[in-house]
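Undergrad: To start, I am sharing the structure in question, which I have written as structure tokens.
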Amino acid sequence: MKWDIFCSVVDNFGDIGVTWRLARQLVAEHAVAVRLWVDDLSAFARICPAVDPRLDSQVQHGVAIHAWHGQWTAIEPGDVVVEGFACHLPDAYVAAMAAREPKPLWLNLEYLSAEKWVGGCHGLPSMQSNGLQKYFFFPGFTGQTGGLLRETGLMAERHAFQADAGTAARFWRELAVEPVAGARLISLFAYENAALGSWLDGLAAMQSTTQLLVPEGRILKDVERWLGGPQLRAGDCRVRGQLQVNVLPFLEQSQYDRLLWSCDFNAVRGEDSFLRAQWAGRPMLWHIYPQEEGAHWDKLDAFLQLYSQGLSAPAREALLALWRDWNGGQMMTQSWSLWQEQAEELTVHAEKWCLEQASRTDLAAALVQFQQNWI
Ligand code: TRH
């Protein structure tokens, strides 16, 4: 079985982060041959430094990676074609799909959302002008959706890592970070955010110590402004009050997972890091990708509604207040202290949510099942 996955990097790393993860898992766990077509190999190389952006084709983790140029060379389409996030496939490739016998299965892999309408749209076909059907495949958190990307064995790997202090110590050495004894560990990955200063003020003023780990990225300028010092770079370490800030390089994707597993609390963004933080089983703070006309607020509320089920009223309120302040760029002084009061319950809840979600069919397996039912 041959699969083609197309990825157009709109901005940031989510598009390539998700399609690369899916491609790898299909090869490793479902023994399919995958060609991954990517229009921006330099973004790809940030999350997977083994990728050489100068090469037109290369193999990594068993996935055939191809540069997707404007100039398209005719090829025989695969048995399954996945367009990532409604990216526009080359016209010549679509024509070749229509001419192929048997016809390929054409899927549009959509963005992750907890909104209710997703369940009703998942798996629906849409007739194209060339007579091909295109199916909408929606990831999601309920049984009516295509599930979530999760490698088999991820939970076992994460639990083993978290249970072994020696592995964690090796990881910190690899990152050249000296863990502060007894400190609360927080990782920070976010878009620019006006709320950051008030959160950092709160952390610096706490009685206990916090170590904040920040991979290089868009939020770093805001950290720099708050510290009021010179430009921050990977390897830098600054202390203010009870807060120590460690700047990390942008990590390889699997190392980033380990960072999430190592921290007590993770601030994440977009789609893929948001999901990986859930698989870490630790409490998190989501900076959702801002959309025009505030469309992202519905998405945020839909997730909060699902995620907060089973929480006591005060814990639920604390969670909602913190996430809304963060996403609205509001002062977080009050919501952070409210969150602290509920930290224990929210921490237990994060692992419970993770295990519930991990008990469902993962997205790669659901895609393969969809294809088998379609034949
Ligand atoms: O980069 P993002 O903001 O991507 C976004 C979202 O996917 C959004 O839905 C989409 O519409 C927009 O792009 C265009 O956030 P995301 O999805 O978390 O992707 C980040 C990827 O980078 C993820 O795969 C994790 C990875 N990563 C690393 O590999 N190393 C790191 O050090 C860090 C911080 C992240």
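Undergrad: Enumerate the residues in the stretch 6-42 having an amide nitrogen under 18 Å from the point lying 7 Å beyond the Cα of Ala295 toward its Cβ.
TA: The answer is 8-12, 14-15.
Undergrad: Something else now. Charges at C-beta only: +1 for Lys and Arg, -1 for Asp and Glu. How large is the resulting dipole of the chain about its Cα centre, in Debye rounded to 20? It would help to have the intermediate numbers written out before the result.
TA: On the way: 30 positive and 43 negative charges, 84 e Å.
Computed charge dipole of the chain: roughly 400 debye.
Undergrad: I would also like to ask the following. By its C-alpha gyration tensor, with a ≥ b ≥ c as the square roots of the eigenvalues, how is the stretch 154-358 shaped: rounded for a/c under 1.5, else prolate for a/b larger than b/c, else oblate?
TA: In terms of gyration-tensor shape, rounded.
Undergrad: Would you please name the chymotrypsin sites (Phe, Trp or Tyr not before Pro) within the stretch 1-84 that are DSSP coil residues with at most 14 other C-beta atoms within 10 Å of their C-beta? Working shown, then result.
TA: Details: sites: Trp3, Phe6, Phe13, Trp20, Trp37, Phe44, Trp68, Trp72; in loops: Phe13, Trp68, Trp72.
When the chymotrypsin sites (Phe, Trp or Tyr not before Pro) of the stretch 1-84 are filtered for loop state and at most 14 Cβ neighbours within 10 Å, Trp72 remain.
Undergrad: Which loop-located trypsin sites (Lys or Arg not before Pro) does the stretch 1-91 contain, where loop means any DSSP state but H, G, I, E or B and the Cβ has at most 11 other Cβ atoms within 10 Å?
TA: Arg54
Undergrad: Still on this model: Which value results for Rg/Rh of the stretch 114-242 when Rg is the Cα radius of gyration and Rh the Kirkwood radius based on the inverse mean 1/r?
TA: With Rh from the inverse mean 1/r over Cα pairs, Rg/Rh is 1.14.
Undergrad: Among the DSSP beta bridges whose two residues both lie in the stretch 117-271, what percent are antiparallel, rounded to the nearest 5?
TA: Values: 7 of 20 bridges.
Antiparallel bridges: around 35 percent, rounded to the nearest 5.
Undergrad: Now for a different question. For the stretch 238-329, which trypsin sites (Lys or Arg not before Pro) pass both filters: DSSP loop (anything but H, G, I, E, B) and at most 10 other C-beta atoms within 10 Å?
TA: Numbers: sites: Arg238, Arg240, Arg258, Arg269, Arg276, Lys299, Arg316, Arg324; in loops: none.
Nothing satisfies the criteria.
Undergrad: With +1 assigned to the C-beta of every Lys and Arg and -1 to the C-beta of every Asp and Glu, and no other charges, what is the dipole magnitude of the stretch 57-141 about the Cα centre in debye, to the nearest 20?
TA: Working: 4 positive and 7 negative charges, 23 e Å.
In debye, rounded to 20, the stretch 57-141 gives about 100.
Undergrad: Contact order normalised by length for the stretch 154-358, with contacts defined as Cα pairs under 8 Å and 6 or more residues apart; what percent is it?
TA: Taking the mean separation of contacting Cα pairs over the length of the stretch 154-358, I get 21 percent.
Undergrad: In sequence order, what are the phi-derived ³J(HN,Hα) couplings for the stretch 245-252 according to the Karplus relation 6.51 cos²θ - 1.76 cosθ + 1.60 with θ = phi - 60°, rounded to whole Hz, with x for glycine and proline?
TA: 9, 10, 8, 10, x, 5, 8, 5
Undergrad: Right, next: Out of all DSSP beta bridges with both ends in the chain, state the antiparallel percent to the nearest 5. Mind dumping the intermediate values first?
TA: Values: 11 of 51 bridges.
Among the beta bridges of the chain, antiparallel pairing accounts for roughly 20 percent.
Undergrad: Give me Asp301, Asp11 ranked fewest to most by other Cβ atoms within 10 Å of their Cβ, as a rough exposure proxy.
TA: Numbers: Asp301 15, Asp11 9.
Listing Asp301, Asp11 from fewest to most nearby Cβ atoms yields Asp11, Asp301.
Undergrad: How big is D for the stretch 70-157, in µm² s⁻¹ as a whole number, if Stokes-Einstein is applied with the Kirkwood radius of its Cα pairs at 25 °C and 0.890 mPa s? Mind showing how you got there, number by number?
TA: Values: Rh = 14.6 Å.
So the translational diffusion coefficient is about 168 µm²/s.
Undergrad: For every other residue with a beta carbon closer than 10 angstrom to the beta carbon of Gln60, add +1 if it is Lys or Arg and -1 if Asp or Glu, then tell me the sum.
TA: Numbers: positive: Arg24; negative: Asp52.
Combined, the nearby Lys, Arg, Asp and Glu give 0.
Undergrad: If you don't mind, another one. So for the stretch 227-362: antiparallel DSSP bridges make up what percent, rounded to the nearest 5? Show your work: numbers first, answer last.
TA: Working: 4 of 8 bridges.
DSSP beta bridges in the stretch 227-362 are roughly 50 percent antiparallel.
Undergrad: Give me the Kirkwood hydrodynamic radius of the chain in Å, from all C-alpha pairs, to one decimal place?
TA: Computed over the chain, the radius equals 21.9 Å.
Undergrad: Rank these for me by crowding, Leu304, Leu188, Leu322, going from fewest to most other beta carbons within 10 Å.
TA: Details: Leu304 17, Leu188 27, Leu322 24.
Ascending Cβ contact count within 10 Å gives the list Leu304, Leu322, Leu188.
Undergrad: Follow-up. Taking θ = phi - 60°, what integer Hz values does the Karplus form 6.51 cos²θ - 1.76 cosθ + 1.60 yield along the stretch 292-304, in sequence order, with x for Gly and Pro?
TA: Result, ordered by residue: 4, 6, x, 4, 5, 5, 5, 5, 5, 5, 4, 5, 4 Hz.
Undergrad: A follow-up question, please. Would you calculate the separation in nanometres between label points at Met331 and Ala168, each defined as 7 Å from the Cα along the Cα-to-beta-carbon direction?
TA: A separation of 3.5 nm, rounded to one decimal place.
Undergrad: Got a sec? How would Thr333, Thr210 order by Cβ neighbour count within 10 Å, fewest to most?
TA: On the way: Thr333 15, Thr210 21.
If I rank by nearby Cβ atoms, fewest first, I get Thr333, Thr210.
Undergrad: Which Cα, out of Ala302, Leu212, Gln144, lies furthest along the positive dipole direction of the chain (beta carbon charges, K/R +1, D/E -1)?
TA: Toward the positive end, the furthest listed residue is Leu212.
Undergrad: Enumerate the amide H contacts of Arg269 below 5 Å, restricted to partners 5 or more residues apart or on another chain; note that Pro and chain-start residues carry no placed amide H.
TA: Phe274, His287
Undergrad: Sum -39500 (n - 2.57) across every DSSP H segment of at least 4 residues in the chain, then divide by the residue count to get the 222 nm mean residue ellipticity, nearest 500. Could the numbers behind the result be given before it?
TA: Numbers: 15 runs with 159 residues, N = 375.
-12500 deg cm²/dmol, from helical runs alone.
Undergrad: Can you give me the distance in nm between label points at Ser359 and His88, each placed 7 Å from the Cα along the Cα-to-Cβ direction?
TA: Output for this residue pair reads 4.5 nm.
Since every read-out is calculated from the coordinates, none of them should be taken as a lab result. Remember, predicted model here, so these are calculated numbers, not experimental data. Note that each Cβ is placed from the backbone with ideal geometry, even for glycine, and that neighbours are counted across all protein chains shown.
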